[in-house]
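Take a look at the structure below.
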Amino acid sequence: MRSALLAIAAVTIALALGACGDSSDETPASTGASTGDAAAAQTTVCNARDDIGKQVDELKSLTPATVSRGAVTESIAAITKDLDTISNAQGSLSGERRSELEAANKEFKAAVKETAAQVVTSVTASDAKASLVSALQQLGTSYQETFASLDCG
């Protein structure tokens, strides 16, 4: 039952990420965004980034004893939504800022996909839980290396 639960969580992660578009597909036709649009986009991006950080912290706090399908699924769904929000808003940012954000978004999506792949390769229920917790910790590291360093001040 536990291995089935974790397999479902892994599939949910993979499906949620599959729904995320590649940010490079959403490049706007014009790079001349107005100052108001850029400021609003910056706020949107920073709010989404902060929520991703909150979700990652919640995932990192899970232990093999507390990890559950619901907790993982809920946080991954929120992260997926935030990544989409960032992708949609980045077109209004300046070229350099947009490039920085596209790179962070792409790298973090890859880290989340890798997390899902690690869960699927676990052999037993106890291995799966330990693997999932380890993968979630690694996801936290990836967040720190990508989004946490983006300037929102």
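Laboratory data are not the source of any read-out in this text; all were calculated from the coordinates shown. Predicted model, so just to flag it, every value in this text is computed and none were measured. Reconstructed Cβ throughout: ideal geometry from the backbone, glycine too, with neighbour counts over all protein chains shown.
Each label point was placed 7 Å from the Cα along the Cα-to-Cβ direction; for Ala77 and Glu145 their separation is 3.0 nm. From a point 7 Å beyond the Cα of Asp37 in the direction of its Cβ, which residues of the range 85-100 have a backbone N at a distance under 14 Å? The answer is 88-95, 98, whose backbone nitrogens lie closer than 14 Å to the label point. With the highest mean first, a sort of the peptides 76-83, 139-146, 61-68 on other beta-carbon atoms found within 10 angstrom per residue produces 76-83, 139-146, 61-68. Stretching the chain fully between Glu107 and Thr63 yields a gain of 13.3 nm (0.36 nm per residue, less the alpha carbon separation). Residue by residue, the range 65-82 carries 3J(HN,Hα) couplings of 7, 10, 5, 9, 4, x, 5, 5, 4, 4, 5, 5, 4, 5, 4, 4, 4, 5 Hz when phi is fed to the Karplus relation 6.51 cos²θ - 1.76 cosθ + 1.60 (θ = phi - 60°); x denotes Gly or Pro.
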